[in-house]
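The values are calculated or read from the model by the stated rules, or taken from the named source; none is laboratory data. Worth saying up front: this structure is predicted, and the values here are computed from it rather than measured. Cβ placement follows ideal geometry from the backbone for every residue including glycine, while neighbour counts extend to all protein chains displayed.
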Amino acid sequence: MAASARRRSRGASARSRRRAGNGTKSPRRLWFAGALAVAVTAILGAFFWMQANSSEDSARYDALSTLTTADFHSLTISPSDADVLLFGHHAGVLRSTDGGRTWAETNLRSQGQDVMGMAFVSLDGGQLVGAGHDTFYRSADGGQTWDPVTPSLPSTDIHGLAASPGDVATVYAFVVGHGLYRSRDGGESWERATQQQLPGDIHSMSAGPDGTLYLASSSSGVLRSDDSGQTFIGVAGVTGPMVTAASPSAAGVVYAGTQRELMYSADAGATWVQRELPAPGMPLVISVNPVDAMDVVVVVVGPQGAGEVYRSVDGGKTWGDTAD
């Protein structure tokens, strides 16, 4: 009995020592835990620093103005005064005379007076045409007032409108379900420009000074015509464009906007360079100053649905004045 009691006592002492040992961390374990905590803190700090700096970078430019329209269709700059801008949406046209800082309504201000595209058809900035979903308008006073017209087109569901900078009386219209049409008299009469089957999801059209045409198709990318719209070829490098804007004065300079980025090309789309957006969002409408290829205005639609207006004078490298 005594021997048995001694064995139980020794076993209990050993278990007690093991429990005591398990409850005390060795210096090595303490060092490892401390190092891990420091590493985690450093990683989290770096993450939040990058997030903060990313937010600062994406919002470091001040918008000229904010548009709160339901949608964002078209934008054009007057060839006679770069401070005059016209913005088309699903309920008419807004006009700015101070470079996009403030906007005033025109007589097109009702739902359904849709302007998907606009084009100046005179170099003095007085005459222009605008068209959209079953609408076609003409202005004789630089976009201050508009009158409805009935063009000789198979339909007025028009998703692209552009005038040739070399001859502004030559106007192109992409008619949904019917293809590309051309007018040689400022939109008075029209003819079929091509027999080529074009994608149905054309969102915008623009023209360069050498007669080159650019189409933006969300499914087919950027399409280019080098023969006044008779034939088109696909241009690589831009996926899902929503808008194209060719420089009216510099052949080969063209901008393209997608749902995520702004692209710039100086060689008619052979190569592209991504430009930093001035704010998070989608660059849905773009216009290039008719006499300065580096002067570009873009409307970036952010997560809340508002369109912020920005202007760059260096081809999209920087945007307006930097915020303090």
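Here are the numbers for the structure shown:
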| quantity | calculated |
| --- | --- |
| Selection from region 267-293 of residues that are in a loop (DSSP other than H, G, I, E, B) and under 22 Å from ARG95 (Cα atoms) | ASN289, PRO290, VAL291, ASP292, ALA293 |
| Listing of strands (runs of 3 or more DSSP E) fully contained in region 117-209 that carry 2 or more residues being within 21 Å of the chain's Cα centre (by Cα) | 117-120, 128-132, 158-164, 202-207 |
| Single unsatisfied condition, VAL222 versus (1) over 25 Å from SER249 (Cα atoms); (2) within 20 Å of the chain's Cα centre (by Cα); (3) assigned to a strand (DSSP E or B) | (1) |
| Extreme residue, farthest from the chain's Cα centre (by Cα), among residues of region 294-321 that are assigned to a strand (DSSP E or B) and closer than 17 Å to ALA256 by Cβ | SER312 |
| Only listed residue being outside any loop (DSSP other than H, G, I, E, B) and under 22 Å from GLY320 (Cβ atoms), chosen from ALA245, ALA250 | ALA245 |
| Residues of region 247-263 classified as over 14 Å from the mean Cα position of the chain (by Cα) and crowded, with 22+ Cβ neighbours inside 10 Å, total | 3 |
| Criterion (among the charged types (D, E, K, R), closer than 23 Å to ALA216 by Cα, modelled with pLDDT of 95 or more and touching a strand residue (DSSP E or B) at 6+ places or on another chain (Cβ under 7 Å)) met by exactly one of ARG182, ARG101, ARG138 | ARG182 |
| Criterion: in the same structural domain as SER228 (by TED's automatic domain parsing), among the aromatic types (Phe, Trp, Tyr) and surrounded by fewer than 20 Cβ atoms within 10 Å (Cβ to Cβ) - qualifying residue of TRP146, TRP190 | TRP190 |
